[in-house]
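The values are calculated or read from the model by the stated rules, or taken from the named source; none is laboratory data. As the structure is a computational prediction, the values presented were derived from the model and not from experiment. Backbone-built Cβ (ideal geometry, glycine too); neighbour counts: all protein chains shown.
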Amino acid sequence: MTTTVTTGQAVAARAVDVWKVYGSGEAQVIALHGVSVELERGQFTAIMGPSGSGKSTLMHTLAGLDSVTRGEIFIGDTRLTGMSDGDLTNLRRTKVGFIFQQFNLLPTLTAEENILLPLSIAGRKADPKWYETVIDTVGLRDRLKHRPSQLSGGQQQRVACARALVSRPEVIFADEPTGNLDSRSGAEVLSFLRNSVREYGQTIVMVTHDPNAASYADRVIFLADGRIVDELRSPSADAVLDKLKGLDARVESAADAPRAG
Amino acid sequence: MLRATLKSLLARKLRLILSTLAVVLSVMFVSGSLVLTDTLGRTFDNVFSNIYSFTDVQVSAKSATADAASGNSQAILPMPAADVDRIKKIDGVKSATGSVFVTGARVIGKNGKVVISQSGQFGGSWTGEDELTKLIAGREPSAPDEIVINNGLAKQAKFNVGDSVDIIARAEARKTYKVAGIMQYTGNRDSMAGETTVLFTVPVAQQVMLGEKDVFNVVDVRGQPGVSDDQLRDNIKAALGPDYTVQTGEELSKASSEAIRGLLKYFNYFFLGFGTIALLVGVFLILNTFSIIVSQRTQELALLRAMGASRWQIIRSVLIEALLIGIVGSLFGFLVGMGLGALGASAFTSLASMESAGLGLPVAAIVTSFAIGILVTMISAVLPAIKAARVAPIAAMRDAAATDKPLTGITIAGGVVTAAGIGFLSWGLAGAGDATLLLVFGGVLLTLVGVALLAPMISRPLVAGLGAVFSWSVPGRLGRRNSSRNPRRTAITAGAVMVGIAIITMISTIFSSLSTAIGESVEKDLQADLIVYGQQTSDVPPVIQPGELEQIKALPQAQTVAAVTYDMVQLDGKQDFVFAYDDVAAGAAVLKLRTVAGRTDRLDSGEFMTDEKTAKDRKYTVGTTIKVTFAKGQTKTLTLVGITNSTTNGNGILISNTDAQAGFQFPQPIQAMVKVKDGVAVPDAKAAVEGVLKDNPEVSVQTKEELVGSSQQQFDVALVIVQVLLFIALGISVLGVINTLLLSVIERTRELGMLRAIGLRRRQTWSMVTIESVVITLFGTVLGLVVGAGLGAATVTALKSVIGFGAVTLPWGYMVAYIIGAVIVGAVAGLIPAVRAVRLNVLNAIAYE
């Protein structure tokens, strides 16, 4: 099933012994406990774990949205740790794409304008051929002049996917992209994401708590209590569910462990 | 429920501060002006009760034109010294002292200029030290050229005992006197109210101040023990008959302070007018804030409704919030206003060298401030409260998507109100007698409200057009779209700016039209090249000394010289101004008058002339007679002998010089117009006239161009004062812009987070918010400019028949300045919201619900 061979050399994003600590003293919460992970280029990676396991924190730090307490983050060869806001903004313009649970489209802009927004903010032009490909892939050609309020949830999320894809970023980070969608729209979005990995070699990192969604990924990383506890390659929904059950049991056994997330 | 209201109120501190600030600024004007006038009123009361504290009864001759209530004290009627002896013999009189004390003694300072005093330049007779006055240096005046001056004058002009001082007295030309003594009033006061006082020996005072021998203008009477002031007054009244004014000290002090209070009333109206404008703008801001609060709290309100809160409870919760803001805002507004009023009063009293009566706590100011502040806030909150009550419980379950309501209703309402406003305005301007002012005012108000209601509809195309300017950048495009996102909110925010700008533009348009009209009329109607006159600094006009006029006439550069004087008279029972030329033919020549009816080449005693327009207004024809009572007391019947064309400078009733010399308080020429001979350069002629006037410290000569310039300059100064006050109203509307943007930024937190996440720089975020702010401000300004220029032009056109000018001059310079100002103000108003937007933590912003 796997079409891309993953090697240590083709890494799109990398966390090296990352710690994330909130607060201090009594109120101290450790969200990430020395996490090291390499996310291979051209792969669809899902990060899973129970609430408070630190999965969102891990993704936010990888995307350069959140700082780390200790350790290093790399996107490609670029070291994010210690970058200024301006440099991080530049990085987000060129190397990172986002898909949010809430779609987060600008209601004042049409679908087309929303898709092109990251490029126009950066003052770049879209590659026309790639743009056409993206539009066709998400199947929004007849909806381009519509405003977000005139689109269904699934359509809005596909616009958001197109927005992330059109600038051909090194990595796309998707935060629960199907969390606000019904199962059919969710499946549409997920297969679309998987296709962009398979066909165009796009790297995607997705946070989800839905085993079904995770089954679309090439690799699933499981987090619990701020540590990577397990991973699966080419998973099926059932296999993911089994792993999760195991994790839930762990969490329950450590019921008063500090929560984070 | 109350608890929930209070908590939600406190949770939004910034919003609370901004809407409270609007109330504070609006109330400030009202309380400030009330405190100011109250303090000044009491200060003047003190002054007058001091002045008259040692007078039981005062007697003066009754003047035909003097009218204490209108503040006209020009007309002073002398009474013979024999009257003093008559009064002494009246029952109950212990002593009677005749004295001279009138305005019009102009002291020339060491710099050669007249010592200015807004409170009066008094000249009088020295009648010895008494309870009220005492010498603090030197001695009494004994020789005709010796004087006593008050310590205020001595300090102001740095005069010492033994100094020589030049004085132009009311009835005499410039002459040199010697300071024999310096006096103070009881309580070590240098002056009563900042006035300058020169006291001559009695005969000199009679001659130079009243122009006659053995006359006084007042007699102070002290009663015998056991005789009440009222009894004494009645006795004297009965004995002297109706030709005399007899008043007790108390009555005099009351009458004088009432006259001042009458003037202060106008002062009050002026500030209250600005207060009203500020309130109007404040209403917009408060209304807007509450609407935003309600729409932001839609889910919270729906939840309350779902849990069983009734509509009335919801309305009440919004109104309670308004009440609290109203109370707090009124309190601070009152306090700030009181501070400003006190500051104004102390500035005034120190300028006028008066002793301030101290800051009072006028009940009227407290009541008005709180009533206005609370009422305005509550009224502004009624509509948002009703809107809040209409929130359906189901809204709690839905994502509170801001649905765009159709603008049809509001647009129709706006159209109707605007039409009504314009209707009232044209009715008022067409002339509706006593109701004119009310109609015009109401019309302007309605038009402004109507246009504000139309603003959401207008905002779509106009904002798009304005925003197109900024569309070259992505943040510009985003900012522009954001500003047209919620037309109602944008419109009401811009509406507040519009009201301020419209009123400023309207006033600027009227002023600049007036200013141009005056310039043009002087150009057109005045043949004179040079005008000789002085700035009037007291109730005595600066005059050209007769010798000087003859010298000017004799100058080789002068072709025609016409001198004019004027005075207040009773004309057929009403107060009116009449004027006279020393030479009617010369006057007609410089004013380009031509004969319309009768003869206009000369005027003899008992004759008068007028212009076409005045004749038409008063239905005069050649042969009409009028009865004129002059300031000096005599009454004459005058016959109309000629009618000239109307001009802008020389309209009214023109009488003969003979009658003027006999009846006017100040028959000397007040203004002279000089036509320069052909071939003589105007500057040369001006220099020659200046040479003649070098010893006259009061009057100066100006060329026609300088006259136009200086009269226009006065308009500019007045305009600047009005603008400064109106800018405070604009300040309130800027608060509105800040408020709206701040709330927009909060509302769009998640959107801002997303934009930052996909690569919008901090600087770009900044420009996006700033451009939204600038677009809203510009929209309000453009709307205000159009409405204001329209209202101004309508007023000017309507006034054509009243004041004789009708050409509308738009104040282009000011209008461009307002637009530039709007851009700057918009950028500044966007500052706080932009900082907030820029500082947003991207991660929190995305997760923001």
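Data table
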| read-out | value |
| --- | --- |
| Some residue of segment A:71-94 being part of a helix (DSSP H, G or I), in contact (Cβ under 8 Å) with a residue 60 or more places away in the chain, within 12 Å of chain B (Cβ to nearest Cβ) and surrounded by fewer than 23 Cβ atoms within 10 Å (Cβ to Cβ) | yes |
| Residue that is nearest to the other protein chains (Cβ to nearest Cβ) [pool: residues in segment B:450-461 that are surrounded by fewer than 21 Cβ atoms within 10 Å (Cβ to Cβ) and of a type outside the set (D, E, K, R)] | B:461 |
| Residue that is touching a helix residue (DSSP H, G or I) at 6+ places or on another chain (Cβ under 7 Å) and in contact (Cβ under 8 Å) with a residue 60 or more places away in the chain, where the choices are B:449, B:444 | B:444 |
| Residue A:135 being more than 8 Å from chain B (Cβ to nearest Cβ) and touching a strand residue (DSSP E or B) at 6+ places or on another chain (Cβ under 7 Å) | no |
| Segment B:572-589 - residue that is among the aliphatic types (A, V, I, L, M) and closer than 13 Å to residue B:652 by Cβ and, of those, surrounded by the most Cβ atoms within 10 Å (Cβ to Cβ) | B:580 |
| Verdict on residue B:787 being more than 30 Å from residue A:95 (Cβ to Cβ), within 14 Å of chain A (Cβ to nearest Cβ) and either of a type in the set (S, T, N, Q) or buried (at least 24 other Cβ atoms within 10 Å of the Cβ) (or both) | no |
| Helices (runs of 4 or more DSSP H) contained entirely in segment B:225-332, each with at least 1 residues that are at pLDDT below 80 and farther than 30 Å from residue B:504 by Cα | B:249-296, B:298-306 |
| Positions within segment B:186-203 being part of a strand (DSSP E or B) and either touching a Leu at 6+ places or on another chain (Cβ under 6 Å) or surrounded by 21 or more Cβ atoms within 10 Å (Cβ to Cβ) (or both), in sequence order | B:196, B:197, B:198, B:199, B:200 |
| Helices (runs of 4 or more DSSP H) lying entirely in segment B:471-558 (those with 3 or more residues that are touching a residue at least 24 places away in the same chain (Cβ under 8 Å), surrounded by fewer than 24 Cβ atoms within 10 Å (Cβ to Cβ) and charged (D, E, K, R)) | B:487-525 |
| Test: residue in segment A:173-184 that is assigned to a loop (DSSP other than H, G, I, E, B) and touching a Lys or Arg at 6+ places or on another chain (Cβ under 7 Å) | no |
| Matching entry among B:600, B:614, B:610 (being within 23 Å of residue B:671 (Cα to Cα), in a helix (DSSP H, G or I) and of a type outside the set (Gly, Ala, Ser)) | B:614 |
| Whichever residue in segment A:96-113 is within 8 Å of chain B (Cβ to nearest Cβ) and not in a loop (DSSP other than H, G, I, E, B) and, among such residues, is surrounded by the fewest Cβ atoms within 10 Å (Cβ to Cβ) | A:98 |
| Top-ranked residue in segment B:157-179 [being outside any strand (DSSP E or B), touching a strand residue (DSSP E or B) at 6+ places or on another chain (Cβ under 7 Å) and modelled with pLDDT under 90; ranked as surrounded by the fewest Cβ atoms within 10 Å (Cβ to Cβ)] | B:157 |
| Residue that is away from chain A (no Cβ under 14 Å), touching a helix residue (DSSP H, G or I) at 6+ places or on another chain (Cβ under 6 Å) and modelled with pLDDT of 80 or more, where the choices are B:495, B:476 | B:495 |
| Residue among B:569, B:628, B:561 that alone is crowded, with 23+ Cβ neighbours inside 10 Å and more than 30 Å from residue B:689 (Cβ to Cβ) | B:569 |
| Elements of type strands (runs of 3 or more DSSP E) in segment B:633-693, at least 1 residues being of a type outside the set (Asp, Glu) and within 34 Å of the chain's Cα centre (by Cα) | B:653-655, B:671-676 |
| Tally of residues being in contact with a Phe, Trp or Tyr (Cβ under 6 Å, 6 or more places away or on another chain) and surrounded by fewer than 16 Cβ atoms within 10 Å (Cβ to Cβ) across segment A:114-167 | 0 |
| Looking only at segment A:138-172, and only at residues there that are over 23 Å from residue A:93 (Cα atoms) and part of a loop (DSSP other than H, G, I, E, B), the one that is farthest from the other protein chains (Cβ to nearest Cβ) | A:139 |
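Condition check ((1) surrounded by fewer than 19 Cβ atoms within 10 Å (Cβ to Cβ); (2) of a type in the set (Val, Ile, Thr)) across all residues:
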position	(1), (2)
A:22	yes, no
A:32	no, no
A:35	no, yes
A:40	no, no
A:43	no, no
A:50	no, no
A:61	no, yes
A:67	yes, no
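Rundown of residues vs (1) touching a Gly at 6+ places or on another chain (Cβ under 8 Å); (2) of a type in the set (Asp, Glu); (3) away from chain A (no Cβ under 14 Å); (4) closer than 30 Å to residue B:512 by Cβ, yes/no style:
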| residue | (1), (2), (3), (4) |
| --- | --- |
| B:712 | yes, no, yes, yes |
| B:723 | no, no, yes, yes |
| B:733 | yes, no, yes, yes |
| B:748 | no, no, no, no |
| B:756 | no, no, no, no |
| B:759 | no, no, no, no |
| B:766 | no, no, no, no |
| B:770 | yes, no, yes, no |
